[in-house]
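Scroll down for the structure; my scribbles are underneath it.
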């Protein structure tokens, strides 16, 4: 079963265990959040408090949300790396 959410390109449920979470979910994350943070940093360097990115206003609340998404993506990537390492040791 595959479903999508605004911050995920694809999310798959583990067909064997049906577990949701770090052990059973495989996500491909849309890293447009990185573009938001980078564009805002460039705007701050120019002395503005908001920027236009792809026709949309990016201000502090939008950047904070993007930073949360990126932080979660880092946690998921680290968890997946540790899981892959553990599985490799079992084989």
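A few notes on this one:
- With an a/c value of 1.5 or above and a/b larger than b/c for the gyration tensor axes a ≥ b ≥ c computed over the alpha-carbon atoms, region 31-75 is described as prolate.
- Take each peptide in 42-55, 68-81, count the other Cβ atoms within 10 Å of every residue, and average; sorted highest first, the result is 68-81, 42-55.
Each value in this text was obtained by applying a stated rule to the coordinates, not by laboratory testing. Fair warning: this is a prediction, and the values are worked out from it, not measured in the lab. A quick note on method: Cβ atoms are made from the backbone with ideal geometry, for glycine too, and the neighbour counts reach across all protein chains shown.
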